[in-house]
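Read-outs: derived from the displayed coordinates by stated rules, not from any lab. Owing to the predicted nature of the structure, the values given are computational and were not obtained by experimental measurement. Glycine gets a Cβ as well: all are built from the backbone with ideal geometry, and neighbour counts include every protein chain shown.
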Amino acid sequence: MSQNTVLRFSRADTPEGLFTGQWQNRTSVLDEYKTYLDDRWSEGCTNAWKLWEEIVPLGYKGSYQRVRAYLHKKRTSPQLVTARPPSPRKVAGWILSRPETLTEPEQLQLKTVRSHCPELDALIRHVRSFAVMLTERQGERLPHWLDAVRQDDLPSLHTLAAGIDRDLDAVIAGLTLPWNSGPVEGHVNRIKMLKRQMFGRAGFALLRKRVLLAP
């Protein structure tokens, strides 16, 4: 044990003070349910057993003791104990996922994030609205979507809107018509793959035959 570790332990005022550093950042099976527990705690429900029973149907696989320990820490700690905020990467994944595919704990965490950040809430509304246009081919809604984007202070989306404006008719057609360049891109990638396979080994004549005859 190093001298720094001994000094840190000797200076701890409470048992909780011993657990600092790397151990504080370890992930727990309870992490994605802490937002739900925090909300229920704020509503006045502080019974650990009842809250454990509530999160089990949501998918929680951990023990009752872990829930009890978290609530005990909230009850006895002089500082406010809440769930760690989700990482930007995780929030981005939630935003880009279909809402119905998110688990209930993920939906609760995303709801909490949105309630604390009006800009992010507006961004999510615009992203999901655009996703509906894209998947349901509702290109006629694009001008209204652009107007709504410009009304919010979201510089990144303003840049996207400016780019769309430069070729608005083509984008509307892409969001409306059933045709796309997928087959063409597939053939281009196939030809590139054949060319890479033959690099330095054969001439144009053999490449031409492979492109025309290969399945």
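Structural remarks
- When Cα Rg over 2.2 N^0.38 Å is computed from the coordinates, the matching label among (1) 1.59; (2) 1.03; (3) 1.09 is (1).
- Net charge contributed by nearby residues that have their C-beta within less than 12 Å of Arg190 (K/R +1, D/E -1): +3
- Fewest-first ordering of Val211, Val184 by other beta carbons within 10 Å of each residue's beta carbon gives Val184, Val211.
- For the chain, excluding the exposed loop sites themselves (trypsin sites (Lys or Arg not before Pro), DSSP loop, at most 16 other Cβ atoms within 10 Å), the longest remaining stretch covers 62-136.
- Computed per residue of the chain from DSSP H runs no shorter than four, each worth -39500 (n - 2.57), the mean residue ellipticity at 222 nm is -19000 deg cm²/dmol.
- A full extension of the chain between Val127 and Leu206 corresponds to an added length of 23.7 nm, given 0.36 nm per residue minus the alpha carbon distance.
- Karplus (6.51, -1.76, 1.60) ³J(HN,Hα), θ = phi - 60°, over segment 105-118, in Hz, Gly and Pro reported as x: x, 5, 5, 5, 5, 5, 4, 5, 4, 5, 5, 9, 9, x
- Cross-link reach list, aspartates and glutamates versus Lys74, counting only Cα pairs under 13 Å and skipping chain neighbours closer than eight places: Glu16, Asp38, Asp39
- Cα-based shape type of segment 103-186, given that a ≥ b ≥ c are square roots of the gyration tensor eigenvalues and the cut on a/c is 1.5: oblate
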